[in-house]
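Participant: My questions all concern the structure below.
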Amino acid sequence: MRRTVMTWLASSLIPYLASTCAFAGELTIAWAPSEGEIIAGYELEVLNAEDRVLEVIDAGEATKVAVTDLEDGVIYGFRVRPYDVYGNRAAEPSRVIRSTPRPRIDDVDLPLGVIGRTFATIEGRNFMPGAQVVTTNPSASILSTQVLSHERMRVEVVLNGGSLATDDLLVLNPVPKTEDFLLAHQALLDVDSSGRAGLADRDRVVMGMGTQFGDPAYRRELDLSGDRRIDQRDVDLIEASL
């Protein structure tokens with residue numbers, strides 16, 4: 001019997017960024033290629049809350065797959081297992097990540113004509129506790145985010161002019177993110193909303209080190225890796241971008 005040893009990067013599984021034009025019940029999962037031996041392909045396993053396999057998707061040689069027909073508001077588990085040219089599946093899959101389908105924004109309720117600090121209500125689907133909202137609008141910055149339900153969020157925002165549209169916002173559910181993912185989306189490292197990631201952002205993360213989700217001093221925007229604790233890994237992610 002042939003036996004192939006596969007080196008599998010179990011920590012590399014990530015969901016893709018949310019977008020306001022997301023399809024209902026969909027989530028795209030991406031992962032880094034396995035190293036060490038020739039890999040013929042990958043299987044993505046979709047799990048329920050009890051880790052029972054609901055579906056196995058053969059991704060072939062691709063390292064990204066869109067999962068469809070997911071139910072809004074339901075948290076699923078996802079893990080990847082590579083296989084070799086002989087059909088041998090890796091004994092150890094990736095670690096499981098858990099997420100709802102991709103969050104989407106349907107509407108933003110913002111007081112008209114307000115300049116400065118105010119609050120906005122975001123209506124949509126699949127907002128998980130601890131989710132973060134970022135904006136691509138250079139005239140706006142998000143100060144805080146409160147998830148009221150999987151369909152509604154409340155954000156504190158500063159407007160320096162103009163308005164805030166659904167296309168200006170991204171909702172990021174609290175799931176672990178890899179260095180490559182964050183470096184490709186520099187806006188997530190710009191915690192002080194200065195327009196670029198820099199030393200000031202690193203200093204803010206350093207000041208928050210040692211806190212975790214549930215602590216009064218925990219600040220979600222400083223948890224760059226999305227693992228619900230602020231530690232050296234978050235500092236390293238910013239320093240890698242400098």
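Laboratory data are not the source of any read-out in this text; all were calculated from the coordinates shown. In this text, all values refer to a predicted model and were calculated from it rather than measured experimentally. With ideal geometry, Cβ positions are generated from the backbone for all residues, glycine too; neighbour counts draw on all protein chains shown.
Participant: Once you have the Cα-Cα distance between Asp69 and Ala200, take 0.36 nm times their residue separation minus that, and quote the gain in nm to one decimal. Could you put the intermediate results ahead of the total?
Facilitator: Details: separation 131, 0.36 × 131 = 47.16 nm, distance 4.23 nm.
42.9 nm is the gain from fully extending Asp69 to Ala200.
Participant: Just name one of Val114, Ser163, Gly124: the one whose Cα is farthest towards the positive end of the charge dipole of region 78-167 (beta-carbon charges, Lys/Arg +1, Asp/Glu -1).
Facilitator: Of the listed residues, the answer is Gly124.
Participant: Can you give me the relative contact order of region 99-149 as a percent, contacts being Cα pairs under 8 Å and 6 or more apart?
Facilitator: On the way: 54 pairs, mean separation 16.5, N = 51.
Reported relative contact order: 32 percent.
Participant: Give the average over all directions of the projected area of the C-alpha convex hull of region 69-149, one decimal, in nm². Spell out each step's value before the answer.
Facilitator: Values: hull surface 33.7 nm².
Average of the hull's projected areas for region 69-149 equals 8.4 nm².
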